[in-house]
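Data block below; observations after.
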Amino acid sequence: MIIPTFNAGNYIAETIQSVLNQTYRNYEVIVVDDGSTDNTLDVLKRFEARIKLLTKSNGGPASARNLGIKNSTGEFIAFQDSDDLWTEDKLDKQVTFLEKHPEVGLLFSEAIMFTEEEGEKKIQRKIGYIVNPSFCNLLYGNCIPNLTVIIRRSCIDKIGLLNESKELIAVEDYEYWLRIAKTFPIAGMPGPLAYYRIREGNLMGDGGNIDKGMRLALAAICEVEKLFPNMWDECKIDRDLLFARLYIRAGFAWKQKGDWKECLSRFAGALKLSRNTRVFRWIIAATLLKRWS
């Protein structure tokens, strides 16, 4: 399993311990320090007997994960972030599933988001898992929590490594899931097997910056579109309508923050992309409803 880390000295020890506590024992832990400038390396040295520690200059999470993949030896590759936690049975359940379903290239599960104040963890909400995480369905949004993912090595051998483009930082995983889903079945396990920490400094946080989240989702999809230009016809999806939906979701988020100027600006952006009647219905729903998806 691979943990990229950057300036996570306050959290990395708890993360590694949650990995070392796994009931499944046949695994290696590769931690890639991506040019940390805090005390992360000092903390990691306490675990040197039980982890493989790699260091590199700062290049982003994709480059760190790729270095970890290149230095790994296992049949399965699991991802974890440097401030998140696993349940003790996470690997046990997922390896068992993959052994029973050799056709699956990538497996993920639900996760629980939490905050921590004065040492007390407070559960927020559950994320991840849809019934059919197909390539076409993933175009509507990333439902796969990175910290729950485990990938078959044969899948990586065929698909290749993560895209290290700086334009995809924070959605490099989403772009990777799409590439994998185009060729291999993906499966989701119901029930949380990990805990996602919400904190200042997360690349996206709890949804992250509204417009940044929208732009990055569009960037990931456009990158995949370059590889599979016929994907819209294959999926029977209206490209402009899907992009307009992303604008409306951003507008709804701005409305929830009470900023109607930004909200209406995103709605206008959606209408520039598509004048489909569904766009008008979505805008009305986003304007009137307390919840909109």
Segment 213-288 - Debye-derived log10 I(q)/I(0), Cα point model, q = 0.12 Å⁻¹:
-0.35
Sequence ranges 189-197, 160-168, 143-151, ranked by mean other-Cβ count within 10 angstrom, highest first
143-151, 189-197, 160-168
Contour minus end-to-end for Glu225 and Arg281, with contour as 0.36 nm per residue of separation and end-to-end as the Cα-Cα distance?
17.5 nm
Could you pull out which residues in segment 76-119 have an amide N less than 18 Å from a spot 7 Å beyond the Cα of Thr183, following the Cα-Cβ vector?
76-78, 102-107
Spherically averaged projected area of segment 1-89 from its Cα convex hull (nm²):
5.1 nm²
Return a whole-number percent for the relative contact order of the chain, with Cα pairs under 8 Å and 6 or more residues apart as the contact set.
16 percent
Roughly how many debye, to the nearest 20, is the charge dipole of the chain about its Cα centre, given +1 on each Lys and Arg Cβ, -1 on each Asp and Glu Cβ, and no other charges?
1120 debye
Could you give the angle, 0 to 90 degrees to the nearest 10, between helix 172-183's Cα long axis and the longest principal axis of the Cα atoms of the chain?
80 degrees
Could you sort the peptides 113-122, 210-219 by per-residue average Cβ neighbour count (10 Å cutoff), highest mean leading?
210-219, 113-122
Please compare each pair in Lys121/Lys290; Lys122/Lys212; Lys182/Lys236; Lys45/Lys90; Lys158/Lys182 to a cut-off of 21 Å on the Cα-Cα distance and tell me which ones are over it.
Lys121/Lys290; Lys122/Lys212; Lys45/Lys90
Using the Cα atoms of the chain to build a convex hull, what is its mean projected area in square nanometres?
15.8 nm²
Note on the chain, DSSP bridge orientation, antiparallel percent to nearest 5 equals 45 percent
Computed FRET efficiency, Cβ-Cβ of Leu53 and Asp89, R0 35 Å: what is it to the nearest 0.05?
0.85
Relative frequency of Cα-Cα separations exceeding 22 Å in segment 56-194, percent
38 percent
What the Cα atoms of segment 142-293 span along the principal axes, largest first and in whole Å, is 47, 39, 32
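Only the coordinates and a few stated rules stand behind these numbers; no lab work does. All values reported here derive from a predicted model rather than from experimental measurement. Cβ sites come from the backbone with ideal geometry, for glycine too, and all protein chains shown count toward neighbours.
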